[in-house]
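Quick notes on the structure that follows.
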Amino acid sequence: MNNLFKILKAKRKQFIIWLFEHSQRIYTNMFKNQEPWNLTKTDLLNLPKPTFGRHLGEFLDRNNFELIPKVERHDCYHVLCGYSTKVEDEIALQCLCYGNGKRSPYLYGAIILGVAILPDYYKYYHKSFKIGKAANAFHHFDYRKLMHVSISDFRDAIFPKHDLLNLNLISV
């Protein structure tokens with residue numbers, strides 16, 4: 001019976017991945033008036049080690065990604081908050097952003113569908129929401145202008161110390 005639950009959970013995660021992949025194109029088209037950053041992963045990796053931009057480049061490199069034009073900010077949230085790209089972390093990151101005050105149709109869809117399809121992680125989602133609520137607002141920043149900022153200083157300015165520990169960001 002345990003194997004069946006593991007298989008069903010894996011199928012639910014695959015379904016969410018499929019939804020993310022197919023909704024991404026629609027979502028990026030919503031931002032057609034927004035200017036792309038015109039930065040590459042290589043540009044970011046050439047920044048000094050302690051900068052936010054360098055950490056963004058390393059995140060992209062580790063995951064074999066490039067920045068998605070017009071929605072580059074999403075990967076910045078991953079780096080700032082320390083969330084991986086696993087399905088449950090993507091949903092938890094959206095919950096954190098919701099707690100922080102971010103509002104968008106995509107965020108609502110990701111949270112509603114994510115919680116409905118993967119309720120197994122509800123406590124994790126709720127904890128992420130509370131961390132976002134306790135943090136200083138970060139969802140509105142122009143991240144393109146923050147590439148040279150120290151990542152540790154940036155995180156210290158956003159998250160209370162106890163939440164940095166909860167996010168495992170102290171050592172980064």
Scope the stretch 86-105; condition buried (at least 19 other Cβ atoms within 10 Å of the Cβ) and part of a loop (DSSP other than H, G, I, E, B); matching residues: Asn100
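Which of the following residues is touching a Cys at 6+ places or on another chain (Cβ under 6 Å), crowded, with 19+ Cβ neighbours inside 10 Å and farther than 22 Å from Lys9 by Cα: Phe138, Phe52, Phe59, Phe129?
On the way: Phe138 fails: touching a Cys at 6+ places or on another chain (Cβ under 6 Å); Phe52 fails: touching a Cys at 6+ places or on another chain (Cβ under 6 Å); Phe59 fails: touching a Cys at 6+ places or on another chain (Cβ under 6 Å).
Residue meeting the stated conditions: Phe129.
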Qualifying residue in the stretch 39-50 (condition: modelled with pLDDT of 95 or more and touching a strand residue (DSSP E or B) at 6+ places or on another chain (Cβ under 8 Å)): yes
Among the residues listed as Tyr108, Tyr83, the single one being surrounded by fewer than 16 Cβ atoms within 10 Å (Cβ to Cβ) and within 26 Å of Gln34 (Cβ to Cβ): Tyr108
Single unsatisfied condition, Gly109 versus (1) small (Gly, Ala, Ser); (2) out of contact with any Asp or Glu (no Cβ under 9 Å at 6 or more places or on another chain); (3) closer than 26 Å to Ala157 by Cα: (3)
Leading residue by the ranking (surrounded by the most Cβ atoms within 10 Å (Cβ to Cβ)) among those in the stretch 141-153 that are in contact with a strand residue (DSSP E or B) (Cβ under 9 Å, 6 or more places away or on another chain) and of a type outside the set (A, V, I, L, M): Ser150
Subset of the stretch 86-104 [free of Cβ contacts under 8 Å to residues at least 24 places away in the same chain and more than 17 Å from Pro119 (Cα to Cα)]: Arg103, Ser104
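Only one of Ile91, Ile151, Ile131 is among the β-branched types (Val, Ile, Thr), modelled with pLDDT of 95 or more and within 16 Å of Leu19 (Cβ to Cβ); which?
On the way: Ile151 fails: within 16 Å of Leu19 (Cβ to Cβ); Ile131 fails: within 16 Å of Leu19 (Cβ to Cβ).
Matching residue, one of Ile91, Ile151, Ile131: Ile91.
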Helices (runs of 4 or more DSSP H) contained entirely in the stretch 107-172, each with at least 3 residues that are touching a residue at least 24 places away in the same chain (Cβ under 8 Å) and either in contact with a Phe, Trp or Tyr (Cβ under 9 Å, 6 or more places away or on another chain) or among the hydroxyl-bearing types (Ser, Thr, Tyr) (or both): 122-134, 151-158
Failed item in (1) at pLDDT below 95; (2) under 16 Å from the mean Cα position of the chain (by Cα); (3) assigned to a helix (DSSP H, G or I); (4) not hydroxyl-bearing (Ser, Thr, Tyr), with Pro69 passing the rest: (3)
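The values are calculated or read from the model by the stated rules, or taken from the named source; none is laboratory data. All of these numbers come straight from a predicted model, not from anything done at the bench. Counting neighbours? That spans all protein chains shown, and the Cβs are built from the backbone with ideal geometry, glycine included.
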